[in-house]
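**Student:** Pasting a structure here, questions to come.
We did not get these values from a lab; they are worked out from the coordinates using the rules stated. This is a predicted model, so every value here is computed, not measured. Backbone-built Cβ (ideal geometry, glycine too); neighbour counts: all protein chains shown.
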Ligand SMILES: Cc1ncc(COP(=O)(O)O)c(C=O)c1O
C-alpha cells in the first residue's frame, strides 16, 4: 500500500497539484478569511478572556456530544441569539461549516428527492450531497436558464443549493432570480452564507437578510471561521428543522461538541459585530481601489466580483504558483488556487481584502502584481 500511496503523491507532483502545509508568515495578509480582523482583535481577545475567567466552574472540553454531555443553556441561548441576529426562527450549531453542510445535505433530502446545486458550490456541500440518497444534478454557475431546465426535470422534494458569495470566484448569486425560479417549481432553497456572514447586510446578517429574502429561503448556513474570526457553523431555519437535524444529522450527533471557550468566543464575536459600525464600507472602498488599480493594468483577467474575494486568472498550476511565490517574496501573502480545487485552466491568484488592509498596501500589491504577472 505504501508504494501505491507514494505513486499517487508522485502523480500530484507531476501535475503541480501536491498540497503541503506551510507555516503562517508575517507577510501582509491578503489570503486569510479574517475579513474584519476579528481573529487578531485584541479587544475581542480581552473580552473573551475576561468572560472566560468568570466561568472557572465550566469544563475545559465539552466531554461528549451535545446529546450526551456536551449541551448547555449557554449554547442553546447562543443559538437563539444567532438565529435572531439573522432573522431566523431557530439555529443549530455544528463544529464547523463543513460539518453543517455535510449534516444538512446528507440528512434532509431522501431517496426519491432531487438536489440541484450550482457547479461552484463548496466541497462541503458536494460531500453532503454525495452522502445523500437523493438524485443530484449540477447547473452551470449562476446560469438561471440551466437551473430552470434542471428544475423542469426534477422529481420528489426539490432542493436547490447555492452560495450567496462564492468562495472561489467571490461573485454573488443572483439571489432574487434564484428565489423566483425556486418558487415557480416549489423548490426548497438552501443558501450557504459562509463568505457573506459579518460582511453583507446592515449588521453583517448576510445577503439573504440584506435583500429581505429570509422568508423565501428554506435553510441558511453561516460559518464563524471567516469574518467572525472564530470557528464553527450554524444551520438556520425553522424550529422543526432544528429538531430534525438533532435527530438525523450524523455530523451533529456523532461528535464531541465544541468547547465552552469556542461558544464563548462566538458569542463575544457576535456581540462585537452587533455594535460595529460598519466595516463593510471600509472593505468595499478598498475592493473598489484594488479593482481600479488592476483594471488599469490592461491585460490582466480579473473575475468580476464586488466582494472581498478578488481573483486573477493565471492558467496552469506551475505558472500560478510561480506568480504567488514572487508576490510572497515581495512581502504580500497571496495564495495560488490550483486545479483540481478550481477547474483546469481557471487556476488563479485569490486575493482576500480585509478591513485592516490599507490603501497603501493595496496600491503596492497591485504594483507587484503588475511586475509579476506581466513578467516585467
Ligand atoms: C462556502 C463555504 N461553505 C462552507 C465552508 C466550510 O466552513 P468551515 O471552514 O467552517 O468548515 C467554507 C470554507 O471553508 C466555505 O467557503
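**Student:** Please give the calculated 222 nm ellipticity per residue for the chain, where each DSSP H segment of at least 4 residues contributes -39500 (n - 2.57) and the sum is spread over every residue; nearest 500 deg cm²/dmol? The partial results should precede the final answer.
**Tutor:** Values: 14 runs with 156 residues, N = 376.
Per the formula, -12500 deg cm²/dmol.
**Student:** Counting other beta carbons within 10 Å of each residue's own, what order do 21, 297, 213 fall into, fewest first?
**Tutor:** Numbers: 21 4, 297 15, 213 20.
Taking fewest neighbouring Cβ atoms as first place, the list is 21, 297, 213.
**Student:** Let me ask something else. How long is the gain from residue 243 to residue 285 if the chain were fully straight, where each residue apart is worth 0.36 nm and the alpha carbon distance is subtracted?
**Tutor:** 10.9 nm
**Student:** Moving on. Share of antiparallel DSSP beta bridges in the chain, in percent to the nearest 5? All intermediate terms of the calculation are to be shown ahead of the outcome.
**Tutor:** Values: 19 of 38 bridges.
Beta bridges within the chain, antiparallel portion: roughly 50 percent.
**Student:** OK, next. How far apart, in nm, are the 7 Å Cα→Cβ label points at residue 17 and residue 59?
**Tutor:** It is 4.2 nm.
**Student:** Order of 205, 301 from fewest to most other C-beta atoms within 10 Å?
**Tutor:** Ordered by Cβ neighbours within 10 Å, fewest first: 301, 205.
**Student:** Also: Kindly rank 74-82, 351-359 from highest to lowest mean number of other beta carbons found within 10 Å of each residue. Can you show the working numbers first?
**Tutor:** Details: 74-82: 16.9, 351-359: 20.6.
The densest-packed peptide leads the list: 351-359, 74-82.
**Student:** Extension gain residue 319-residue 371, at 0.36 nm per residue separation less the Cα-Cα distance, in nm?
**Tutor:** Result for the pair: 17.3 nm of gain on full extension.
**Student:** What FRET efficiency would be calculated for the residue pair residue 363, residue 131, taking the C-beta separation as r and a Förster radius of 51 Å, to the nearest 0.05?
**Tutor:** 0.65
**Student:** Please report 325, 99, 216 as a ranked list, fewest other C-beta atoms within 10 angstrom at the top and most at the bottom. Before the final figure, lay out each step's value.
**Tutor:** Values: 325 12, 99 21, 216 17.
Going from sparsest to densest Cβ surroundings: 325, 216, 99.
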